[in-house]
Structures are given as structure tokens and as C-alpha cells.
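Asks: This is the structure, below, for whatever I ask next.
Values in this text are rule-based calculations from the coordinates and carry no lab data. Just so it is clear, the structure is predicted and the values come from calculations on it, not from any experiment. Cβ placement follows ideal geometry from the backbone for every residue including glycine, while neighbour counts extend to all protein chains displayed.
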Amino acid sequence: MSTRIASHGRLIDRNTTVSFTFNGKSFIGHAGDTLASALMANDQMMIGRSFKYHRPRGLVASGAEEPNALVGLGTGSRFEPNQRATTTELFDGLSARSQNHWPSLEHDIGAINSLFARFLPAGFYYKTFMYPRSFWKSVYEPFIRQSAGLGQVPTERDADTYEHFYAFTDVLVIGGGVAGLQAALTAGRAGAKVLLMEQSAHWGGRAPVDGGTIDGAPVEEFVEQAVSELEAMPNVTLRNRCMGAGIYDHGYALGYERLTDHGPAQPGPRHRLWRIRAKQIVTATGAIERPLAFAGNDVPGVMLASAMRDYVVNYGVTPGQRVIVATNNDDAYRTAITLHEAGVQVLRILDARNSGGGPLMSVARELGIRIDCGRAIGKVKGGKRVTGVSVCAQEGQGGALEDVACDAVAMSGGWSPVVHLWSHCGGKLTWDDAHAMFRPDPQRPPTGADGLGYVTAAGAANGALALDAVLEDATVAASAAARAAGFKSKSVAPPQGAASPEAPLEPVWLMPRQAETPLRMKSWLDYQNDVKVSDVQLAAREGYESVEHTKRYTTLGMATDQGKLSNINGLATLADALQAEIPQVGTTTFRPPYTPISMGAIAGEARGEVFQPIRKTPMHDWHEAHGAEWEPVGHWRRPYAYRRPGESTHDAVMREVKNTREAVGMLDASTLGKILVKGPDAGRFLDMMYTNMMSTLKPGKCRYGLMCSENGFLIDDGVVARIDDDTWLCHTTTGGADRIHAHMEEWLQTEWWDWQVYTANLTEQYAQIAVVGPMARTVLETLGGMDLSKESLGFMEWRDGALGGIPVRVYRISFSGELSYEIAVPASLGQALWDKIADVGAAYRIMPYGTECLHILRAEKGFIMIGDETDGTVIPQDLGLHWAISKKKEDFLGKRAQERSHMTDPDRWKLVGLETTDGSTLPDGAYAVAEGVNPNGQRNVQGRVTSTYHSPTLGRGIAMGLVLHGPDRMGELLEFPGTDGKTYTAKITDPVFYDKDGEKQNV
Amino acid sequence: MSEPISALKMAGFDGLARVEDCGLQGMITLRGDLSARAVKSAVTAATGLTGPKQPGPLQIVSGKSGSAAWMSPDEMLLLCPYGETGSVLAAMQEKLAKVHALAVDVSDARVQLQVAGPSAREVMAKLCPLDLSPENFQPGTIRRTRMAQIPAALWMVDEATFRVICFRSVADYAFNLLKTAAHPESGVGYF
């Protein structure tokens, strides 16, 4: 059984107990425990079930590389799935649930998959669910979806807050082990601004566990001194619980700081995403121990040797009482020695090397530990817990030499440098044959804008595994980084590390080397995705040679741990199967983040009221207070209609239309774009921008204009007012303001840079209020201050003046067919003018109206709307707007494109009005069908609806649409099948439904 | 006569820093050849800054009657009291009469916020991708940048006080952003 022991436990506080629950059961741990160490202390070795076969799984590792111990953490609004127990710091009241089982962890129906494991090899899904084709949608996909996914999705809104932080630094050091500390000291002493990040809560990494001395003192002393020296440096920032998540182009890096995960009751943001720009980055990310591939290496109780050592030294817990150690290197002897010192019985060290190890082996032997060289684990026995192992010869096929009862197995297949961050942005690797590992190739680092490297690996992450080499390497790496960042470091000899020398390891990719098929089918490579040696070998037999393809076929390394434990073993297995060298097979691609980061951290502050900027006009609050239903238009919110008590939205719209046609309405038109264009060449410029002539417009006058892209398509429209000799004010659509301003600037800056024109986007400088309807003039005259008579301010003219004491510019323009004024006023006075108009207008039945009413008013008049009648494929000629296209101008944007054969094709669909024969309203976007079917078997079409409304003015449905040869087919009937199953019949008409002669607006 | 009102109606919030609406501010966008004599005298007319004292790239300088901020190689932003915008603009137009330039009132298109307190740099660094460390960013520097999802311009008036200008329509968003970033429990401790 696993238990807490009386000795060791350097990270825990035995005087403070912490209570927590796992699957509803209460447990006690200590302050300083991780969830993993506390579970182990309570003899809870089985923590989850595997993804595919639902096999019982326990802790394998002690840190970020853990593949098995994923739990659902927290409850309700703080529930999060797939949290690693090994990196979860224990706190009082923690609640965790195991995953991937039903009905319970101990009794799981899905484990039946395990019995059929031989029928579920790599590529099973691809091979099985191909035929019959019709089964995919109704049978296979629902079944796979049901069983797919690890963990549960939270059902409540996240209660926590998150934020970003932008940091700039000379040298970013990732990893706070002895290498990272030494690197930070070196760069910091050189005067560089340093940011040092460590993913765990503790400095020093695993060196304090592994032992040895630095400058003659225990490693922990060096760590303490280094941290206090760094803390005293004003140019150094230290952050623990902050993981280097990713390295990107040109020195951009992400840090993932977990602020309150270890104490959710604490106030403040839960996670902070550091968005870092560093001149140089040192990755001191350490190394990860590799498992050994032997049968039953996934049974709870089989652990990495280094992890077992961590649990004893750091937390005072041991995974078993009788342990067997299997290794191909000297480092695992440290585990045996540590366990022995902690009072745990070490039954055997099975050293796969015939010649055994170096001085550490002698130490172990002197302690009385039995060491069998050339031996291997043939098979681990036990289901939910290790009960014993069969020992065999490493060079054999697995024939048992003896069976030994035990309750835990420590395994070590050697170490792999954590090269992830080095590789994220293109750093290349080299194969180190002596240590059987990939390490960063210093000749091929990730390169920055200057073509030079900006990442340096240091210490174990660079393949320097021994303590003295770690310190030496970190010093060299940080000096180089500081120098590259512009700081000279004094050459100070690095502190002297001393640790037991080690004999070379012997690569072991399968244990025993000639293991027979039944054993290989139980030898796990990827624990999380249930990939075994036999799966990779099968992939190789089926022709998969590329490691990237094999990864996807077998799912090796595709789980949330991204193959931290499985990657090297998997590709070595593939290399062996292909009879190729490991470096020729290569690695898969390392991608950020190093371990999964929360969605909240990525979103940062962007939630709730600051999820997205909402643009508000100066009268926004008034609209809100008067029943506005909002319509998003770009980031703006515009009132769709103002609902009165008891009214439906439709009723409100109908009322607004009728009132505006019969009396007077007011519209907040502030969102319309307003771009000032000024300069000696402004007229010439606008003649290029618009299809019609703007240079001939007289000051004081307005003209409606169309803008096309250089491909001829209509992109915007609006009224242009000439302010003075060299100044024009161009109104754009609401959504077009920023886009059209950018469009103008692009042409001015890239094509006509020698034209004397300046533009300014004044959209938000003015609130704009449209007063529309037969009583519009009366209302404004009552307000007083300007002569707005027909004689003094004609249609399509503007004047400056004051209304009700407020400075205004009044445009007499109409998008409704009514007598209409648009009044621009400085935004800070927008609400004041709105209030005055509403006040004075009350006597004339003035009512505010929204965008839907606006749409109906314009549709009744046959006015087009950008985005309804246009969709990026429509040219002005399609819409019968020939009158707004100058024939005199030599050129304008889109002119040449509109002369191309496809644009002049008489078969282009053209704008017409559509009137249903029964007065109903056509469905929006409906197609008019034609005879026959196309080659795809679809019904032929001959037109479509672009705008459709119920017109309260006319008491029936009206619509506009684009129809084949439409203008030549007046009076013809078209059929429009709706998605509601009905077919609508409509007559082709002129698009102007109301007041064709414009008598209403010319008063 | 109706009084103009700022978009945020003088809202304020106390947290890691004090966030507040600065109220109405006269602002004039000037586009032109910034090295031209007439353009320089227009800036002088607006701010009292003589030619050599006018801001270079990424600078903001205050004169007797107003401030001038460099916005781009052919654009400057001039700050003056809100009520004087009209007269300042008129004085500038006089100087600019014979050259190609554009001077226009944008006071109402913007909102100005202040973020003040010892942690003001941190509050801003949560939202803007800028190096706001004291070594790099000091009073006298102005940057046009991004504040979370909106464009903004910011500068410091003293060691602990930022001014931020953004568009009027997103005033609420900008204020709420700064309020969120200035949450009293969210100190970073980086600067």
C-alpha cells in the first residue's frame, strides 16, 4: 500500500492538515501536498481510467508530464475537467472527481473494451466505420461521439476573472531549477532586465531531490541564496506558478501564471496570461524521464523512478512497501537508495545493462539492495494495483526466470530534455547517441527578425544532465543571451556542482528486447491515448513511414499531454520497426502551449460588459429608456424599433412607419460615416472614388454617390456635401465608415501619393438626427433659428445655423421619400438637440423610429441598401443606377472592370420590384424558380429576393429582387418556394412602390 | 443654451489606480507638412509652442495655451480648452490659408480618461501592448496603440498619471476596461 512515512517531506507542513474529497470520499493531506501526493498518502493509487480501454490508471509522474492522473476539479461555477493531480496544489475543501468511467471508478462498464483490445488496434475506426456509407451519419458518428472526449464540459458560467499583462524584458528565463536560477543570476549580474518564470510553486527544480552539492554545500542552500540574491536585484523579476507556455516569432512568449488555483478563496484574477516581448530567451526547462515499455507498465503502482523519489523526498509518501526498480541507467539507483533510506523494501534493481552501473550501483549494493544485471521486467501482474512482476532476461523473449511479489515498480528509461519551447518557433534538434536523446542543436536556433537566434537552451533542457554540467551550461547560455541582448557579463566562474558520476546508459526501447506479441500488446507507449508498442509496429507494417502520419494513425502523442512521456519511446519503436535510425525518423512537431492553459486566460478580461466594445451614439441611453430593441450594426447598437407597452415589435414598426408618413418621425442617424476630404486635388480624388461626378458639385449642395471597388462591385453609397472650394464631406453607410476611410487612405497613400488631399474621419464628432415626415419643417421652424423654407433650403442643399440655440448643420436630404432634414450637431450636444426636437415635436405627433421603419420607408421608395441589394457581386448597373454613373469621366474606380464582358452580359440579374399576388410578404432571400434542373439535380433559378417587408402604407407585402431580364418582364409572375413549404407567387413591378414622382419630398 | 456633456458624465473609479473621465477637452486634428513654416505657425497659434519646441515623433509637448502631440508623419493632435476650440481653430485657419493643410475640430469625437496612482503603469500594461516600464515610457512620450479591442492614444502627465484618448462611442467600454484592469486585488508588481 502507498502511505505517508515519518521521514522526508521537505515541501509539506506536517502541522497543518488539509481536508479534501475525491469522488465524494473525504481525505486528509498536509499543506504543501499536491493532490497527487495527498491521494498517494491515502493509498488511493488508482485515479482514473484510460481513454480507449478504460484500464485502471494511477500516478506515473510527479509533474507537468503526468498522463494519467487527470481529474475533474472543483464544482459548479468552478468546475474544470482534465486537471493534472500532480500539478494541483492541495487546499482545504478541494473537491476532485475521477474521469472516464461509468458507473464508478472501481466498477466500470467501459472496461469491457479492454477485453476486445485485440480487435481495437491502431486505425480501428478508419477500418471499421467505412461501410456501409449510410451508417456513418446515423450509427457510427453518434456512437463515436458518445464515447469521445475526456472529462466533462462545465455546465455553469466560470465564476473567476482572468487578465493579460504585457511585459517587455531583455532576457526571459523559463524554468526556475538550478539552471534557470544560475542563468537569471548571470544575466541579472550583467545588468540585463530579467524575467524568470517557474511553473511550480517552488524554486530549484528537482536538483534538491537528486542530491549532490554546489560549492560544497547542499543544493538547497544554493537555491535559497540564489533566490534571495535575485529578489534583491531591481532588474530581475521572479514569478513562480508561472509556466512558459509558448515561444513565438521574434521573441514573443506567453507565460501562464496561476494566481489563485492553490487557494480559490483568494480574491483577484485566477490566471494571468503574460504576453512577453523578450530580446533573448533562455529555456531552462529541465528534462523528463522516459518510461520503459514492458507488459503491464500501466498498472497502478508502476511509476517513473524519479517521480517515486520526488514523492518520498518532497512529500514523505511512498507508493509501496516492496518495490522493484527497473532501469537502463544509473539515475534510477538514486530512487532505490532514497526508498531504502525511507524504510521501503527495495526487492530488486533490474538493470537491463549486462555490465550494470557505476558508483551509485556500489552504494546501493553496500546498502544490501539486490541488483540483477541484464534483467528485465517480463510482465507486471495485477489489475487495479501491482501485485508482482515476472523477471526475465533483457535479451530474451520474456520467458519468466522468477516471479516476485511486490506492490510498486519504479522504471527509468533515461532522460529526454524538455525541448518543447526551443522547438515551438523552429529550433532544430540533434540526436545525442551517447545519451540516447534529442537535444537542441545550438547551430539551428529559432531566429528573429535579424536572422539571429533568440533562444538558448540551458542545463538539462540542453542535454547537460549532471549537476556540474548544468551549472556550467546555464552560465554559458545566459552570458550569451545577455550579450546578444546588449549586456556584457563579467566572466565569473560558475559555482561548482558535484554529484556522483554515472555510467553510460544503454538504450532500451522494449523490455525484453525480443518481447513476444502478447507482451507487446500490453506494453504501453502513450498512456493517455492507449497506444501500445504493437500499435506502432502495426502502423509501420501497414506502410506508415512518416512519424507525423504514424502519430495521427495511432494517436500517439495526440492527447492532452502531447506525448511528453511517449514521444521518444514511440518514435524509437517506429524506427526499430522500419529498421531506420532514430534521427532519420525524427520527431513530431512541438506546438504551444507546453501544457494546456485555461480558456479564461486566453480570453483575459474580455467577458461580461467588456466582452466586446459596443459603440453607442450620444442618444443611446435615451433609446434604452424608451423601449428600444437593439439591432447590431457593426459594433454599433441601433434601435430596431421602440416598443410601447402592449405592443409587439411588428406593431411598433408599423406604427412608426405610418406616423412618419402621416405626421413626423425622428431617427438617430449618428452612426452614418462622415469623412472630410480636403485639398486642391480633393475634387479630382472624389471623381475617382465615386462613379458619378463630385467635382462639379457647388458649395452648399449635396449629391448622392456610389462607390465601387476596382473590380467594379458596389461597395458603398451615401450623400456627399460640398463644404467649400476644396472641402467635401462624404457620408458613408454605418458599417462602411472605417472601411471607406481606409479605402480612401489606401489609394491616397499607395497610388495617388502626389495628390494634395487630406482626409479625416469625423463620424463620431457629430450626432445626426433625421426629422422626417410632412410635419418635419413645422417642427424645426417651431424650434426656431433658421429659415428652412423650400426657397431658402432646397432639396439636396445644406446650411449652417442654429436650432433652438444649438449650432447645427442642416442637410435637406431624404432616404424615405418624405420631406426630411438631417441635422448634424456636435456629439456633446446631441442629446440636448434630440430632447428639444422631441419636446417641440410632441405637439405634431413626433415619434422616434428605428432601423426597421427606415428600411420599410426606403424600400417603399425603391431605394437600395448596401448589404441587402448588394452582396459584393453586384454592380450599380444591376440595380438600374446608370443615372449615377458618369459617362463623361475618363476614369473612376471600377469603370474598367464594369466594361468587362461578364459585367455587360445582358443575362445578369437586374433589380425589379416584386408584388405578391395575395398581399403576403415574400420570404427574405427566397429564390424564383425556373424550369428544369441543373447538372446537380437542383431546381434552376431565375432570381432572388434582396429586400422584403410588409408595407403598412400600401397594406401589402413589397419586395425588391434581382431577376433574370427583370426590367423587360414587367407584369410577369414568378414563383418563390419558401422554406415554410408554401410557394409564393409575385408579379414583377417597378421597384418604386410609393410616390413615384417624388411629390412628397419636394414641398 | 444647452451645455455640452462628455460621454462619461465625469464617471470615476478607485482601485489599483483612480480611473476618471477628464471631461470635455478641445482637440484639433491637424494634417499637413509638419515641417512647413505655415503649419508650424498654426501649431504656435494653437499652443504657444515655437517651432523648435514642437513635438517630434512619438512626443507630446505642452505650451502656454495648449499641447501638441505627434500622431504620424503628417498629423498632429492639438489640445486646448474645450470652449476655445472654435477661436483656436480660426487662428490656425488664418495661418494655414495659403498652404495645403487640414485642421478640424474633433473634440466631440473623442473621450479623454485619466488613470492615476502608483500602479497606473500596471493597469495600462494589462491592456496595451506597449513597454510601459519607467525606463522606456516617461512623460513627454505619446503612443497610439490598442487598448484591448479598441484604438487608443496614451501619454503620461507625470510619473504616476496617464491620459488616454479613445473614440467617444466606446467610452463605456474604455471606462469599464480600465475599471476591470484596476481591480484592487489584481496588482501585478512588475514595474
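Asks: Which of the trypsin sites (Lys or Arg not before Pro) across region A:449-523 are loop residues per DSSP, with 12 or fewer other Cβ within 10 Å?
Replies: Those satisfying the criteria are A:K488, A:K490.
Asks: Oh, and also: List the longest stretch of chain A that has no exposed loop site; here a site is one of the chymotrypsin sites (Phe, Trp or Tyr not before Pro) assigned by DSSP to anything other than H, G, I, E or B, with at most 12 other Cβ within 10 Å.
Replies: Excluding the exposed sites themselves, the longest stretch runs over A:117-610.
Asks: Follow-up question, since we're still on this one. State the number of lysine pairs found in region B:43-191 whose Cα atoms come within less than 27 Å, restricting to pairs 8 or more positions apart or on distinct chains.
Replies: Here the count comes out as 6.
Asks: Using each residue's phi in region A:665-680, evaluate 6.51 cos²θ - 1.76 cosθ + 1.60 at θ = phi - 60° and report the 3J(HN,Hα) Karplus result to the nearest Hz, with x for Gly and Pro.
Replies: x, 10, 10, 7, 9, 4, 6, 4, x, 9, 10, 8, 10, 9, x, x
Asks: Shifting gears a bit: Using a/c under 1.5 as the rounded threshold, could you call region A:879-1003 rounded, prolate or oblate? The axes a ≥ b ≥ c are square roots of the C-alpha gyration tensor eigenvalues, and prolate needs a/b larger than b/c, oblate otherwise.
Replies: Cα axes put region A:879-1003 in the oblate bin.
Asks: Still on this structure, I have one more. How would region A:285-349 be classified by its alpha-carbon gyration tensor: rounded, prolate or oblate, with rounded meaning a/c under 1.5 and the a/b versus b/c comparison settling the rest?
Replies: Rounded, because the longest to shortest axis ratio a/c is under 1.5.
Asks: Right, something else. Less than 10 Å Cβ to Cβ from A:G850, Lys/Arg counted +1 and Asp/Glu -1: what total charge do the surrounding residues give?
Replies: Net charge around A:G850: -3.
Asks: In peptide A:158-167, what is the residue-averaged number of other protein chain Cβ atoms found within 10 Å of each Cβ?
Replies: Whole-number average of other-chain Cβ neighbours for A:158-167 is 4.
Asks: Follow-up question, since we're still on this one. What fraction of the Cα pairs in region A:506-584, stated in percent, has a spacing above 18 angstrom?
Replies: Distances greater than 18 Å cover 32 percent of the Cα pairs.
Asks: Which whole number gives the average, over all residues in A:762-770, of C-beta atoms from other chains lying within 10 Å of the residue C-beta?
Replies: The mean count of partner-chain Cβ atoms within 10 Å per residue comes to 4.
Asks: If you don't mind, there's one more thing I want to ask. Give me, ordered by chain and number, the residues 5 or more places off A:H271 or on other chains with an amide H under 5 Å from its own placed amide H.
Replies: Under 5 Å from the amide H of A:H271 lie the amide H atoms of A:E163, A:L259, each far enough along the sequence or on another chain.
Asks: Would you mind calculating the relative contact order of chain A from Cα pairs under 8 angstrom and at least 6 residues apart, reporting the percent as a whole number?
Replies: Taking the mean separation of contacting Cα pairs over the length of chain A, I get 9 percent.
Asks: Right, something else. Using alpha-carbon pairs under 8 Å, 6+ residues apart, how would you state the relative contact order of region A:906-989 in percent?
Replies: Computed over region A:906-989, the figure is 38 percent.
Asks: Taking amide hydrogens as modeled 1.01 Å from N in the peptide plane, which residues meet the under 5 Å criterion relative to B:V106, leaving out close sequence neighbours?
Replies: Here B:M27, B:I28, B:T29 satisfy the definition.
Asks: Taking the Cα centre of each part, how many Å lie between region A:641-660 and region B:22-84?
Replies: For region A:641-660 versus region B:22-84, the Cα centre distance is 49 Å.
Asks: Now for a separate question. Checking the table A:K701/A:K790; A:K678/A:K790; A:K701/A:K996; A:K658/A:K861; A:K127/A:K379 against a 21 Å threshold on Cα-Cα, which pairs fail?
Replies: A:K678/A:K790; A:K701/A:K996; A:K127/A:K379
Asks: Please report the net charge: other residues with Cβ closer than 11 Å to the Cβ of A:H164, K and R +1, D and E -1.
Replies: That works out to 0.
Asks: Then there's this: Return the loop-located trypsin sites (Lys or Arg not before Pro) in region B:1-45 (DSSP other than H, G, I, E, B) with at most 15 other Cβ atoms within 10 Å of their own Cβ; answer none if there are none.
Replies: Answer in residue order: B:K9.
Asks: Continuing with this model, one more query. Explain nothing, just the number: relative contact order of region B:26-108, from Cα pairs under 8 Å at least 6 residues apart, as a whole percent.
Replies: 42
Asks: Working only with C-alpha atoms, what are the Rg and Dmax values of region A:451-567, expressed in angstrom?
Replies: Radius of gyration, then largest Cα-Cα span, for region A:451-567: 20.7, 60 Å.
Asks: Under Stokes-Einstein, with the Kirkwood radius over Cα pairs standing in for Rh, what whole-number D in µm²/s applies to chain A at 20 °C and 1.002 mPa s?
Replies: 63
Asks: Okay, next question. Using a simple charge model, +1 on the beta-carbon of Lys and Arg, -1 on the beta-carbon of Asp and Glu, nothing else, what dipole does region A:906-989 show about its Cα centre, in debye to the nearest 20?
Replies: Roughly 120 debye for region A:906-989.
Asks: What pairs in A:K674/B:K40; A:K193/A:K488; A:K698/A:K888; A:K428/A:K564 have C-alpha atoms more than 22 Å from each other?
Replies: A:K674/B:K40
Asks: OK, next. Where does helix B:37-47 land angle-wise versus the long Cα axis of chain B, in degrees 0 to 90, nearest 10?
Replies: 50
Asks: Right, here's the next one. Compute the long axis of helix B:171-181 from its Cα atoms, compare it with the longest principal axis of the Cα atoms of chain B, and write down the angle in degrees, 0 to 90, nearest 10.
Replies: Between the helix axis and the principal axis of chain B, the angle is about 40 degrees.
Asks: With a sphere of radius 11 Å drawn around the Cβ of A:F863, what net charge do the other residues whose Cβ falls strictly inside it have (Lys, Arg +1; Asp, Glu -1)?
Replies: It works out to a net charge of -2.
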